[in-house]
Amino acid sequence: ADIAYLRSVLPSTTEDAFFDYLATLDTSEVTVSAVPEGSVVFARVPFLQVKGPLLVVQLLETSLLCLVNYASLVATNAARFRLLAGPDMKLIEIGLRRAQGPDGALSASKYSYIGGFDCTSNVLAGKLYGIPVRGTVAHSFIMSFTSLEEVQPRVSLQPRAGGEPVDLPSLAQLWLRRVCELLQTPPEKANRGELAAFVAYAIAFPHDFQGLLDTYCVRRSGLPNFCAVALALHQLGYRAIGVRLDSGDLARQSKETRRVLRACSAHFQVPWFGTIPIAVSNDISEQSLEEFRREVRELLLGREITFFLPLGHNNPQQGYRPGEGWLESCQSERDLGGENEPALVEVNGSPCLKLTEDEEKMTIPGTKTFYRLYDAAGQPFMDLMALEEEPSPREGQELMIRVLGQLGETSKVVPTTVEPLHRTYFRDGQVCEPLPSLPEVRTHAQTSLSSLNPAHRRLHEPQPYPVAVTERLHHLLTELRQASQ
């Protein structure tokens, strides 16, 4: 069927022998080497190196780039959020509704998890990839209730220790009066439909009760209603697991929420109540995350606030703003662009050079091997490209190199450790290297990031990480440049 379709779209003058040839194509002569999935890769160092018959590798080119580009971009941006958030903050990806179609959504869930997010709201991604699944109450659920009369059945919840079921709506109303008295806010200002929604949710999930506080007014309605239902549940032996804020000044509201939870904890003598986790969402960018951390630092340092960062609701065309559309679409200046351009570097044993005025798009000729050089502290300080036939650099060996961007200068380096970057994953038509599980890839990604020198890892004005070529590779590059000119 594929060959018949190609016959229908290619010029009628195309020879039959070409279609006969296409019918015989396979990947038995293709070799693919790559960095292990989850590795940190720097500009100018190839993710993949593919060898094989020219037509076959050209046919593979687009598919391989499609698989690598979006995945690496999402993982990179997720890793930046993890670096900003620190190791203890929980990050949840909730971008399904704003993603570039269902396939894009699944990929974003998978690669944001690799980049350091803890879980996803995409249940299918959880099923397919084993990613932990988390979610919170929706505004539409809360808005669907108007009064406690809609909560059925009235005698609705059995105490955790057993016994007769309790009328949770009535119990919640009693607690609402007590909470409002403590907070000095009028009970009539608390939205009864919101209270009904919280009660209905608590009946369905007494062990996993959580409240979305901003459907109406956080201070006058969301917080009192949540505290009332959570304290009613506590009376029956259950614990609420968290609250979520999704609009307004998130830092200010988080501090106010924590203050109210602590006040209830002290007044009603419920010790755990003051440490109920707080989740925040709504247009969380790198900048807003950084500002949020500064403003609530005293809560973070005390480990008294735990919150998830569902990425917000941005138009992906608005630039570098990670969000529910952003992490999925990744319209940002950190798009790899030319760094992932395919490069033909050798044909029939002859090195090739793409020479352009844009040095970043100039290719490095020849079939190469790639190494990461480490210092005595165990941190990588340089990546090195060498021709495939060159002997591998050794630990403690003085190396003469040229740093890309400074090719006119020769430098000497002495690595303490040398790590080959690429492994051969496909040869003779078969996968020849065991492929890691998703948790293993995620762990490798975090290990790779943590091994970097802080000067290279920092997000603001990082020190450029040098990528270099051997003297022999530089000589070949110079020869081909001169020949091209």
Heads up, I need the accessible area for residue 389: 1.4 angstrom probe, whole protein in place, Å², nearest 10. 120
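For the range 1-67, state which GluC sites (Glu not before Pro) are in a DSSP loop and have at most 12 other beta carbons lying within 10 Å of their beta carbon.
Qualifying residues, ordered by number: 15.
On a 31 Å Cα-Cα criterion, which of the cross-link pairs 361/412; 51/127; 90/361; 110/189; 110/412; 90/189 come out too long?
Among 361/412; 51/127; 90/361; 110/189; 110/412; 90/189, the Cα-Cα distance tops 31 Å for 51/127; 90/361; 110/189; 110/412; 90/189.
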Residue 149 - accessible surface, heavy atoms, 1.4 Å probe, Å² rounded to 10: 130
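For the full complex of protein chains and a 1.4 angstrom probe, list 5, 216 by accessible area with the highest value first.
5, 216
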Going highest first, how would you order 169-179, 120-130 by mean Cβ packing within 10 Å? 169-179, 120-130
If you count only protein heavy atoms with a 1.4 Å probe, what accessible area per residue comes out for the chain, rounded to a whole Å²? 50
Excluding residue 243 itself, what net charge comes from residues whose Cβ is under 12 Å from its Cβ, given Lys and Arg +1 and Asp and Glu -1? -1
Per the 1.4 Å probe, what fraction of the accessible area of the range 78-309, in percent, lies on carbon and sulfur atoms? 50
Of the DSSP H helices in the chain, those whose Cα atoms cover at least 24 Å axially and whose Kyte score averages 0.5 or more: 54-85
For the range 78-309, what's the radius of gyration and Dmax over Cα atoms, in angstrom? 18.1, 51
Environment charge of residue 374, counting only residues whose C-beta is closer than 12 Å and scoring Lys/Arg +1, Asp/Glu -1: -3
Taking N as the number of residues in the chain, what is its alpha-carbon radius of gyration divided by 2.2 N^0.38 Å? 1.25
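Do you know the relative contact order of the range 78-309, to the nearest whole percent, from alpha carbon pairs under 8 angstrom that are 6+ apart?
18
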Can you check what the net charge comes to around residue 40, using other residues whose Cβ is under 11 Å from the Cβ of residue 40 (Lys, Arg +1; Asp, Glu -1)? +1
Ordering of 18-24, 273-279 by packing [mean C-beta count within 10 Å, highest first]: 273-279, 18-24
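The values are calculated or read from the model by the stated rules, or taken from the named source; none is laboratory data. Everything quoted here is computed from the prediction, not taken from an experiment. With ideal geometry, Cβ positions are generated from the backbone for all residues, glycine too; neighbour counts draw on all protein chains shown. Keep in mind that these areas ignore ligands, DNA and RNA; they rest on the heavy atoms of the full protein, side chains included. Shrake-Rupley method; radii C 1.70, N 1.55, O 1.52, S 1.80 Å.
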